[in-house]
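Have a look at the structure below before the remarks.
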Amino acid sequence: MRPLTPRRILWICAGLTCLLFVAVLISLRMGAYPISVQDIAMTLFRGAMGRRDEIPPDFWSVVFVIRLPRILLGILVGASLAVAGAGFQALLRNPLADPYVLGVSSGAALGAIVSLVIAPRTPGAIQAAAFVGAALTVAGVYFLGRRGGQLDSATLLLAGIVMASFLSAAIMFLITTLSGHDLLRGMAFWLMGDLASPPPIQDVWKWFGFLFIIFFVAAGAIYTTSSDLNMILSGEQEARHLGVNVNRVKLVVYISASVLTGLAVSVSGAIGYVGLLVPHVMRMIFGTDYRLLIPTSVLGGAIAIVLADTLARTVMGPTELPVGAMTALAGAPVFIYLMRRRVR
Amino acid sequence: MSASAGSGPIVMPQPRPFGAAPPPRLRVEQASYAYSATDRSAPKFTLAPTSFDAQQREIVAILGPNASGKSTMLRLLAGLTKPLSGRIEVDGVEVSELELRTRAQRIALVQQESELLFPLRVWEYVLQGRYPYGRRLRFESDEDCLMAGNALAQVGGDALRDRWMDQLSGGEKQRVILARALAQQPSLLLLDEPTQHLDIGGKVELLRRLRKLADENRYTVVVVTHELNLAAEFSDRIVLLNKGKCLRVGTPAEVYEGALLEEVFEAPLDVEMRTSGRPRVILRGSR
Amino acid sequence: MRANAYKIIIAVTTAAFLAISAAQNASAQTQATAPQSAGAASRENAQTSLPASGTRTLTDEAGLRVTIPAQVNRVISLAPNLTETIYALGLEDKLVGDTTYCDTPAAAKTKPHVGDTINPSLEAIVALHPDLVLATMINRIDTVIGLSRMGIAVYTTDPRTVRGMLESTMHVAELMGATEKGNALVAQMQARLDALHARLTDRPYVHVLFVVWQEPLFTIGQNTFIADALKWAGAESVVTSKQDWPQLTFEEVVRLQPEYIVTASTHTGEEGKRSLEEFRSRPLWRNLQAIEAGHVAVISDEVDKPSPGLIDAIEDLAHQLHPEVFTAKRAADVERMTTEVGL
């Protein structure tokens, strides 16, 4: 018998972190502006040392204003979606669950539309409105999804689907009645999922610090329940008998996964397939133990989005595709492959 | 309750008067349950007030036809529901008041089916039985592995260690589920109709194993069943329920009476006493 | 199994990196020559685009404060109408980049492209070292913010009416240091508009339905650019709606009974007859008074673009709707239009 040990988790995460590092380097290198690896390294190094005046302004712009924030955003979004997906799959006891199944993305989209109508040129309005929309949806689905005062997987799923369709109808209604070119164009990118939005505040690092704190708190909360999730996946009643506080675990996972999804969707729109597929692929490689699945999903999701975004912005240069288009193109075949193969 | 290595739970030493009997492992005192109970109307009991005791090394069979309140009794014993009235104590402690993990360390409930969402290996599954012994986010210690290994050995499942759960036969799965319950190192082992999906050989094998476990490891085993002859053969005590009422508590010989059983099970039954002192129930032919 | 998985992942990643790198280098060779040749000079200009000496700060048409260098030699246009305006001003030498949709005049297609109008590539823009980027409200606010964060000046135009277009043209000319050319062009356009206005003052407005899309039926609202352009051509949309692109049911069209149906197309001329045939072949439309009378006017799609070509489209529409005012000069005007629109 070889039970999972913290050491094994650390080794695997170290390996995946190296892969992430490689992906980040690739992404920094690719782009419409030709810049060599040496120049990138020099820019990063001097930027870290605080010697900004020694860096040619173009290099600074390309590396620190255009590419690096986008990569960081991609890491955050990919990690959030993957962990949220893993969480929802356990919570809803459904391997086909993705972070959007409970309607969070529709709520965020509705918020985004409202903000595009009211304040189309205000920076940060879309993100804030989308997050509010997501939060309200989460609360609504929670209250609809309770049964006997507790979260019930089947009821929750049903409530989420109902909420998602209702919100989609509202979105369609708004789009048709408020039709104007600006609105539709802004929404198209947001609906597909897009990492190009610049941070709403001037200080990019503060923005990312803020986002990453939220991510770590929410993902950390889910991680503390990973032993419990393993048990719940073997059967909810049995888990209860073994001493798992199933109701509390479900609530923690529901809130944390929703926060992560809301976070990702607010800053980048609804990027699809990542939350569904990354946990499955990580399960295939590393097993179903959530104590390992959560950290590997974090890293796997980050790697997936960074690579997808790199492809999205370079494959048809100089036109930039939204990253959601790339995840859909790559994700669909992977999904089909997984469905035909037993998940081990 | 400490989680030290040992082949069974530790009984709290109590000073007792010289010559008195040891306190019962399980004590059920006037426990009842009803779904609807308001001040105005009398409650409709799914289980009328029932009492019985059980010691270590005893197998108790809760016997009765369908809808007799057996499942309710089991839920009460497991502490999943609080009784409407009365008390249920294990080792002197009220069961429904125990904290979740402590309860899981004392009482193990063996379910029939196990619907796994994702594939799991047998040893991983059995190891899950160690969950009550540790922090929330826990990694299994060597002791946990030892205990789990012991549990698996006790059910004769060593060979199954690396198999996948969904590739086991019905009987093998049954054993593994039992092993997980044993890994909890419980005082009280509860089984809900464990023989339902087994053939006669499987049924006998299971009950023999339970008997052995009870004897060797000093478990108290409570089995909910409607198998009359198996209960008579293997249990030390029978609690006969019908339509929520407890009709009789006692040894199989005391409880099995032809007319009574006929009335309860609504079938033409005869009771025969065998030389071992245990009764046997025979279906009277219609011809 | 895990070791294999790692190997596969690393192999795929490396292969992807090499493949993309190779493709990237190939395209970078062709793209790099254009900006690199102006490398030294553009580097200097890039320095001046930082707010140091010789800059001025003003508010653009979208209400944002912009700091523009006094000397503007490299301009990128992010919308087709701005490209057309720059060419009309004769300032195309200063235009170093435009979008993939900038096709009027045809020469604009040969300029380096920075992407499409909705989501142009910031990197491509940076690579061209512009002093000034001209944008419209069609471009995403994210693009504007991203560019300004990198110290690149972005001026957004927002003409809502035909007069607004004239003002925008003036602004663009001033920004690019060609005030005289701007004055000349604007004066010319204003003169044509005034001439039209003079001829049409006594005429009542022709009631038209401007069809943006037939199925589903979309038309224009009263606050749109096209509605204003129609007024200059002596026409008025029968639809009064606050929405920009209201959708109509056909019964509504029948109730309104417009005198003329107007549509826009990239190729005019022959399109007029074809459109009429098409409308006549549709069961619902053929019974409209306008269709029965053959009153279908097709004008250039310049009518939706705030650019100099708009004037031609307005004049064309005025000729079609009020032929009695223009009889003598009709032939000469048609010829002039054909050459100017660049067909």
Of the numbered conditions (1) part of a loop (DSSP other than H, G, I, E, B); (2) more than 7 Å from chain A (Cβ to nearest Cβ); (3) not basic (Lys, Arg), B:LEU117 fails exactly one; give the number of that condition. (2)
Across segment B:175-218, the tally of residues that are within 14 Å of another protein chain (Cβ to nearest Cβ) and buried (at least 20 other Cβ atoms within 10 Å of the Cβ) stands at 15
Of (1) outside any loop (DSSP other than H, G, I, E, B); (2) without any contact (Cβ under 8 Å) to a residue 60 or more places away in the chain, A:LEU307 satisfies every one except (2)
Output the residues belonging to segment A:51-96 that are touching a helix residue (DSSP H, G or I) at 6+ places or on another chain (Cβ under 8 Å), in a helix (DSSP H, G or I), among the charged types (D, E, K, R) and more than 10 Å from chain C (Cβ to nearest Cβ). A:ARG52, A:GLU54
How many residues, within segment A:36-83, are within 28 Å of the chain's Cα centre (by Cα) and charged (D, E, K, R)? 2
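A quick yes/no check of all residues on (1) among the hydrophobic types (A, V, I, L, M, F, W, C); (2) touching a residue at least 12 places away in the same chain (Cβ under 8 Å):
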{"position": "B:PRO186", "(1), (2)": "no, yes"}
{"position": "B:ILE200", "(1), (2)": "yes, no"}
{"position": "B:LEU210", "(1), (2)": "yes, yes"}
{"position": "B:THR225", "(1), (2)": "no, yes"}
Which residue is farthest from A:THR288 (Cα to Cα), if the candidates are limited to segment B:140-161 and must be assigned to a loop (DSSP other than H, G, I, E, B) and within 9 Å of another protein chain (Cβ to nearest Cβ)? B:SER141
Could you say which residue among C:ILE86, C:ILE145 is assigned to a helix (DSSP H, G or I) and in contact with a strand residue (DSSP E or B) (Cβ under 8 Å, 6 or more places away or on another chain)? C:ILE86
So which residues in segment A:134-179 are buried (at least 16 other Cβ atoms within 10 Å of the Cβ) and assigned to a strand (DSSP E or B), if there are any at all? A:LEU151
Looking only at segment C:103-119, which residues are within 7 Å of another protein chain (Cβ to nearest Cβ), out of contact with any strand residue (DSSP E or B) (no Cβ under 7 Å at 6 or more places or on another chain) and not hydrophobic (A, V, I, L, M, F, W, C)? C:GLY115, C:ASP116, C:ASN119
Residue check: is C:LEU122 more than 8 Å from chain A (Cβ to nearest Cβ), of a type outside the set (Val, Ile, Thr) and in contact with a helix residue (DSSP H, G or I) (Cβ under 8 Å, 6 or more places away or on another chain)? no
Among (1) of a type outside the set (D, E, K, R); (2) over 15 Å from the mean Cα position of the chain (by Cα); (3) part of a helix (DSSP H, G or I) - the single one B:LEU137 does not satisfy: (3)
So, of the residues in segment C:131-157 that are farther than 27 Å from A:PHE59 by Cβ and at pLDDT below 90, which turns out to be surrounded by the most Cβ atoms within 10 Å (Cβ to Cβ)? C:MET137
Take A:VAL249 and tell me if it is facing chain B (nearest Cβ under 10 Å) and in a helix (DSSP H, G or I). yes
Inside segment C:97-123, can you point out the residues that are free of Cβ contacts under 8 Å to residues at least 40 places away in the same chain and not in a loop (DSSP other than H, G, I, E, B)? C:GLY97, C:ASP98, C:ALA107, C:ALA108, C:LYS109, C:THR110, C:HIS113, C:LEU122, C:GLU123
Could you tell me whether A:ILE26 is in contact (Cβ under 8 Å) with a residue 60 or more places away in the chain, at the interface with chain C (Cβ under 9 Å from one of its Cβ atoms) and within 24 Å of the chain's Cα centre (by Cα)? yes
Just one listed residue, out of B:ARG130, B:ARG106, B:ARG87, is charged (D, E, K, R) and within 10 Å of another protein chain (Cβ to nearest Cβ), and it is B:ARG130
Of the residues that make up segment C:243-263, is at least one within 14 Å of chain A (Cβ to nearest Cβ) and without any contact (Cβ under 8 Å) to a residue 24 or more places away in the chain? yes
Filter result for C:PRO130 (in a loop (DSSP other than H, G, I, E, B) and more than 13 Å from chain A (Cβ to nearest Cβ)): no
In segment A:273-306, which residue that is surrounded by fewer than 23 Cβ atoms within 10 Å (Cβ to Cβ) and among the aliphatic types (A, V, I, L, M) is nearest to the other protein chains (Cβ to nearest Cβ)? A:ILE285
In segment B:259-268, what residues are without any contact (Cβ under 8 Å) to a residue 24 or more places away in the chain and within 26 Å of the chain's Cα centre (by Cα)? B:LEU260, B:GLU262, B:GLU263
Apart from one, (1) outside any helix (DSSP H, G or I); (2) closer than 26 Å to A:SER153 by Cβ; (3) among the polar types (S, T, N, Q) all hold for B:THR72; the odd one out is (1)
Could you please let me know if A:ALA32 is within 12 Å of another protein chain (Cβ to nearest Cβ), farther than 22 Å from A:ILE285 by Cβ and buried (at least 17 other Cβ atoms within 10 Å of the Cβ)? yes
What about A:SER227, is it of a type in the set (S, T, N, Q), more than 8 Å from chain B (Cβ to nearest Cβ) and part of a helix (DSSP H, G or I)? no
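The values are calculated or read from the model by the stated rules, or taken from the named source; none is laboratory data. Note that the structure is predicted; figures quoted are calculated from it, not measured. For neighbour counting, all protein chains shown are included, and Cβ atoms are generated from backbone atoms with ideal geometry for every residue, glycine included.
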